[in-house]
Amino acid sequence: MCGIVGAIAARSVAGILLEGLRRLEYRGYDSAGMAVLDHGQISRLRRIGKVQALAEACEKQPLAGHLGIAHTRWATHGKPSEQNAHPHMSGERLAVVHNGIIENFEPLKRELQQQGYVFTSETDTEVVAHLLDRELKQGLTLVDGLRQTLSYLEGAFALGVIHADSPEQLLTARKGSPLVIGVGIGENFIASDQLALLPVTDRFMFLEDGDIAVLEVERIQVFDASGDVVERAVTTFEHGLGNADKGEFRHFMLKEIYEQPRVMQAVLEGRTASGLLLEQAFGSGASAVFDQVKQVQIVACGTSYHAGMVAKYWIEDLVGIPCMVEVASEFRYRPVVLPEGTLLLTLSQSGETADTLAALREVKQRVLATLAICNVPGSSLVRESDLSLMTNAGPEIGVASTKAFTSQLVALMLTTIALGRRHSLTAERETELIAALQQLPELLQQLLQLDGAIEQMSTHFAEKHHALFLGRNSLYPVAMEGALKLKEISYIHAEAYPAGELKHGPLALVDKEMPVIAVAPRNGMLDKLKANLQEVRARGGELFVFAGCEQSIQPEDGVHVIHLPEMPAILDPIAFTLPLQLLSYHVAVLKGTDVDQPRNLAKSVTVE
């Protein structure tokens, strides 16, 4: 979850590193640091807190040099402190930054301590620096020493390395954690995310697991896990620079909520023609794979897991084949039964989610095929899957996922259509579904006009500490997503339940201090949901209802209602998500929390 930036150039790199860290701050933010090589000496600055603290230190103590590495941390080993901040050094001439977890660092640390190495931090990363130093003292070159060091490590890592004895080289290595090389003109870079390097380049090279790369000012050389020199393709980044700026909005999260009408167009663009889905969007051979699918197994984490739960309702309703959904961190650690003809569908915004990647690698040889729905074309998940469908949402900076979630839902509906046309979905029904999806940009634009009313509703939550969310059918996962958003950015404890489960326990919690948020589309479950809501009112609970049309539920004492525009029922899970996002946002603003970077969380969960 940490962020890495590195640069080698003919110019001073400190400013490049600092700007890269600012753009990576969504990945981790309990401390930040930088090491720069200048005139044969490595100068290091580290500060606890956000990148701004490091920036202020750099103003007082400027770092100059043409070679450097930098890091923003999300703690895994050791509390947030300056001593635990990266870069970590062995002696005065070697510095390392690391994203990931070294699982066997404790026995390695004991071994190194017995050999005389003194540790100054609680981190697993410092082991890497001392191991590499040991190998160099045995006469190995920096590249060979790094390769030997990697052979000792168990776990996941992306590394950046500089050494005073190799002033013209920036080394990097990758296994299981994201890392990209930025290709410049007379300068080259490394980072955990392309976003960090957009001010200096739009050309990128992606490393495979086990690769080691040596970056020089005019050259990049890549060695694979066997030590052979290999070529890795250079691609051009397609997203605009504007995605990295808040523009007129107070927070990235609000900007990204408001980007959703445009994102809906981007997900659909080039994927339909004459009212029908173009299966080529999933990749070469997709049609042959879909012909053989008998069951779908969805694996994901967090918000993506909620998207997968919505897809289960769609697939079993519209396609008529079984669909299982499981949290990746559970799926990967149990004996999984995968019947013949299973399509493994993985969901991840970043494409680097550690548990989802591990689940894919664990079972990919036991399934018919693998399909990744993802927002990052060059990510590990996409490269290691048979098929993929990009969500085209653009970079999402806010930790709380908004446009990534709704774009995943649209991609999942396209997947449902691809599968459905081989089973119970008629061409006429497919055309209806595509037409409904094409209404999404305008529909979400209308929903954004409810922002003022939702902001007013949010005032009722300013002093609350708990909340219940209710939904039924495909809106139950939407309620789960609403509860997740509220808890992660406002720190209000929130839970979601199927409304029919109220009498099986949650009703005991309902009183005037427990607001109950309900999503109530106008469908066949509306009358049953109304009955559930009456149970809440009978016990003094205050209701906040997002209703599907004005005729469905009316406001009254203790019942606050916001009516959504009428829409095709298939769009309910997507459309009802946006008002819940706005509610969470405004409550968090009232609470005074850090909306874009909530405590203890990072955007991309690249370690277990």
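The values are calculated or read from the model by the stated rules, or taken from the named source; none is laboratory data. Computed from a predicted model, the values in this text were never measured in an experiment. Because the Cβ atoms are built from the backbone with ideal geometry, glycine has one as well, and the counts that use them run over all protein chains shown.
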- Provide a single number: the residues in segment 370-379 that are crowded, with 19+ Cβ neighbours inside 10 Å and either within 17 Å of the chain's Cα centre (by Cα) or more than 20 Å from ALA307 (Cβ to Cβ) (or both). 6
- Message: Which of the strands (runs of 3 or more DSSP E) found entirely inside segment 219-333 contain at least 1 residues meeting this: free of Cβ contacts under 8 Å to residues at least 40 places away in the same chain and closer than 16 Å to ALA411 by Cβ?
- Response: 323-327
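Can you tell me which residue within segment 334-348, out of those that are more than 20 Å from HIS423 (Cα to Cα) and not in a loop (DSSP other than H, G, I, E, B), is farthest from the chain's Cα centre (by Cα)?
Taking the candidates together, the pick is THR346.
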- Query: When you look at HIS504, is it out of contact with any helix residue (DSSP H, G or I) (no Cβ under 8 Å at 6 or more places or on another chain), within 22 Å of ILE257 (Cα to Cα) and outside the structural domain of VAL399 (by TED's automatic domain parsing), yes or no?
  - Reply: no
- Can you tell me which residues in segment 30-62 are more than 32 Å from the chain's Cα centre (by Cα) and either assigned to a strand (DSSP E or B) or crowded, with 23+ Cβ neighbours inside 10 Å (or both)? LEU37, ASP38, GLN41, ILE42, SER43
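Would you confirm whether any residue within segment 472-485 is under 19 Å from LEU590 (Cβ atoms), out of contact with any strand residue (DSSP E or B) (no Cβ under 8 Å at 6 or more places or on another chain) and either hydroxyl-bearing (Ser, Thr, Tyr) or at pLDDT 90 or above (or both)?
yes
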- Message: Condition (residue is touching an Asp or Glu at 6+ places or on another chain (Cβ under 6 Å), of a type in the set (D, E, K, R), surrounded by fewer than 19 Cβ atoms within 10 Å (Cβ to Cβ) and at pLDDT 90 or above) applied to segment 170-188: is it met by at least one residue?
- Response: no
- Task: Pick out, from segment 76-166, the helices (runs of 4 or more DSSP H) lying fully within it that include 2 or more residues that are acidic (Asp, Glu) and without any contact (Cβ under 8 Å) to a residue 24 or more places away in the chain.
- Result: 105-114
- Those residues of segment 380-409 which are among the aliphatic types (A, V, I, L, M), within 17 Å of the chain's Cα centre (by Cα) and closer than 21 Å to VAL293 by Cβ amount to LEU381, VAL382, LEU389, MET390, LEU409
- Message: Going through ALA288, ALA358 one at a time, which residue ends up being surrounded by fewer than 20 Cβ atoms within 10 Å (Cβ to Cβ) and under 27 Å from PRO395 (Cα atoms)?
- Response: ALA358
- Message: Can you pull out every residue in segment 462-492 that is of a type outside the set (A, V, I, L, M) and farther than 16 Å from ALA400 by Cβ?
- Response: GLU463, LYS464, HIS465, HIS466, GLY471, ARG472, ASN473, SER474, TYR476, PRO477
